[in-house]
Amino acid sequence: MSSANTSSRHQDLAQLRAQLLAFMDKYIYPNEKRYQEQLHGMANRFATVPLMEELKAKAKDEGLWNLFMPYDHGGLKNEDYAPLAEIMGRVLWSPEVFNCNAPDTGNMEVFMKYGNEAQKQQWLEPLLNGEIRSSYAMTEPDVASSDATNVQTSILRDGDHYVINGKKWFITNAMYERTKILIVMGKSDPDNPNRHLQQSQILIPKDTPGVKLVRPLTTFGYDDAPQGHAEVHFENVRVPKENILLGEGRGFEIAQGRLGPGRIHHCMRLIGAAQRALEFACKRAVSRSTFGRKLAEHQSVREEIARSFCDIEQARLLTLATARRMDEVGPKDARDMIAAAKITVPLMAQNVIDRCMQIHGAGGFTEDYFMAEAFSYARWCRQADGPDQVHMMALGKDLIARHGS
C-alpha cells in the first residue's frame with residue numbers, strides 16, 4: 001500500500017472513530033437508564049426493547065452499520081475494527097445498535113463463508129439488515145463441550161430431510177423473540193474413524209416443530225435479556241436436506257472458521273468495558289473520602305488504578321497485534337495469537353473490573369453502575385468460545401512443537 005493510500009485510510013478510520021464516539025455521547029450513554037427501564041418494564045423480558053429499534057434506525061442513517069463486516073467482503077480489516085469494537089464494548093447492549101453483536105456477527109460470517117446463495121438470500125440478508133437475530137448451538141449439557149468433537153446431538157439423513165435430536169444449552173439469542181434461525185452442530189457420521197469428520201452443521205428455523213426452548217439460563221444471576229442464554233432441546237426436528245451447511249462432515253471445519261474472529265471480537269469489546277471501569281474508578285476516587293482524605297490520596301487506591309492501566313494497555317496491544325496477524329495470514333494461521341488474546345484479555349477484564357468495583361464499595365455490585373454485569377460478561381467469556389485451559393493446552397502444544405526441537 002502506498003503512503004498516500006495509507007494516509008487516506010488512517011484519515012477515514014479516524015473520521016469513523018470520531019463519528020462513533022459522537023454517536024455514543026449523543027445517543028448511547030444518555031439512554032442507558034432508559035434502556036434498563038424499558039427492559040424491566042416489559043412483560044416479556046426477551047421481547048424487543050423499543051429503544052433498540054429507535055437507535056438502530058439512527059445508526060443506519062449515520063452509516064454506523066455492520067462495522068464488523070470482514071475485509072474480504074468489503075468491510076474493515078480486523079486491526080481497523082478493533083478500536084471501534086472497543087468503543088462499543090463500553091456499553092454492553094450497544095453493539096446491537098450497530099448490528100455488531102454476538103453471536104450474530106459470527107453467524108453472518110458463517111453464511112458469507114459457507115452458505116449457498118439460497119441460504120444467504122433467506123437468512124444472511126435479513127441479518128445484515130438487522131431485521132432478525134440468530135443463534136449458534138454447539139454447547140451441550142451432557143458432555144464436556146470444550147472438546148467440540150464430544151457433541152452428541154444427532155443429525156441423521158432421512159430421505160429428503162434430516163432429523164435432529166439432542167440437547168443444547170447456553171445458546172445465546174435463543175430466547176430473543178427476534179431470533180428466527182439457529183445454526184446447530186451435531187453428529188451426522190458418529191462412526192467415522194476421523195473424529196473431526198463426524199460433525200455437520202445444519203440450519204434450523206426456530207419455529208420448526210420439535211424445537212423446545214426449555215428455560216432461560218443465568219450467569220451470576222444475570223439473564224442477559226433480551227438476548228438471553230437458553231437450554232434448547234431438539235426432539236425429532238425435521239428440516240430439508242438443503243439446510244445442511246457446506247456438506248456433511250464439514251461441521252468441525254465451519255466451527256474453527258467461525259470461532260477465531262468471534263474470540264477476538266469479544267476481546268476487543270472487553271477492553272472497552274475494562275477501560276470504562278477504570279475511568280469510573282478514577283472519578284470515584286476523587287469524589288469520595290475516607291479517614292480524612294480523598295480515596296485518590298490513598299496509596300492502595302493509586303496502586304490499583306496504576307496496575308489496571310498497565311493491564312489494559314498490555315491487553316490492548318496484544319489484541320491489536322492479534323488482529324493485525326489475522327489480517328496478514330488469516331485466523332487459522334494466527335491461532336497462536338488468538339489463543340494468547342483469548343487467555344489474557346477476559347481474565348484481565350475480570351480482574352480490572354473487580355478492582356474498580358471494590359473502589360466503588362457496595363454500590364459497585366448494583367445496577368447503578370455497569371460494572372457488575374460487565375464482570376459477569378468477562379467471567380463467562382473465559383468459558384465461551386473455549387475455556388482458558390483448552391486455549392492454554394493448544395497454545396502450549398504449538399509453542400513446544402515450534403521451539404522444542
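Which numbered condition trips up Val91, out of (1) of a type in the set (Val, Ile, Thr); (2) within 18 Å of Ile271 (Cα to Cα); (3) buried (at least 24 other Cβ atoms within 10 Å of the Cβ)?
For Val91, the failing item is (3).
For Met138, only one of the following conditions fails: (1) within 28 Å of Ala334 (Cα to Cα); (2) surrounded by fewer than 21 Cβ atoms within 10 Å (Cβ to Cβ); (3) out of contact with any His (no Cβ under 6 Å at 6 or more places or on another chain). What is its number?
Among (1) within 28 Å of Ala334 (Cα to Cα); (2) surrounded by fewer than 21 Cβ atoms within 10 Å (Cβ to Cβ); (3) out of contact with any His (no Cβ under 6 Å at 6 or more places or on another chain), Met138 violates only (2).
If only one of Arg307, Arg269 is within 18 Å of the chain's Cα centre (by Cα), not in a strand (DSSP E or B) and not hydroxyl-bearing (Ser, Thr, Tyr), which one is it?
Sole residue among the options that is within 18 Å of the chain's Cα centre (by Cα), not in a strand (DSSP E or B) and not hydroxyl-bearing (Ser, Thr, Tyr): Arg269.
Of all residues being surrounded by 21 or more Cβ atoms within 10 Å (Cβ to Cβ) and of a type in the set (S, T, N, Q) in segment 299-338, which is nearest to Leu270 (Cα to Cα)? Just the residue, please.
Checked segment 299-338; the qualifying residue nearest to Leu270 (Cα to Cα) is Thr319.
Residues of segment 387-405 being touching a residue at least 40 places away in the same chain (Cβ under 8 Å) and surrounded by fewer than 21 Cβ atoms within 10 Å (Cβ to Cβ), which ones?
Pro387, Asp388, Gln389, Val390, Met392, Ala394, Leu395, Asp398, Leu399
Tally the residues that are buried (at least 21 other Cβ atoms within 10 Å of the Cβ), in a loop (DSSP other than H, G, I, E, B) and hydroxyl-bearing (Ser, Thr, Tyr), restricting the search to segment 39-88.
The total comes to 0.
With segment 110-183 as the region, which strands (runs of 3 or more DSSP E) entirely inside it contain at least 1 residues that are more than 19 Å from the chain's Cα centre (by Cα) and outside the structural domain of Gly63 (by TED's automatic domain parsing)?
Of the strands (runs of 3 or more DSSP E) lying wholly inside segment 110-183, those with at least 1 residues that are more than 19 Å from the chain's Cα centre (by Cα) and outside the structural domain of Gly63 (by TED's automatic domain parsing) span 154-158, 161-172.
Testing Phe252 on (1) modelled with pLDDT under 95; (2) under 26 Å from Phe375 (Cβ atoms), one condition comes back false. Which one is that?
(2)
Identify all residues within segment 297-320 that are of a type in the set (Gly, Ala, Ser) and in contact (Cβ under 8 Å) with a residue 12 or more places away in the chain; write none if there are none.
Ser308, Ala315
The values are calculated or read from the model by the stated rules, or taken from the named source; none is laboratory data. Bear in mind that the values here come from a model prediction, so they are computed numbers and not experimental data. Counting neighbours? That spans all protein chains shown, and the Cβs are built from the backbone with ideal geometry, glycine included.
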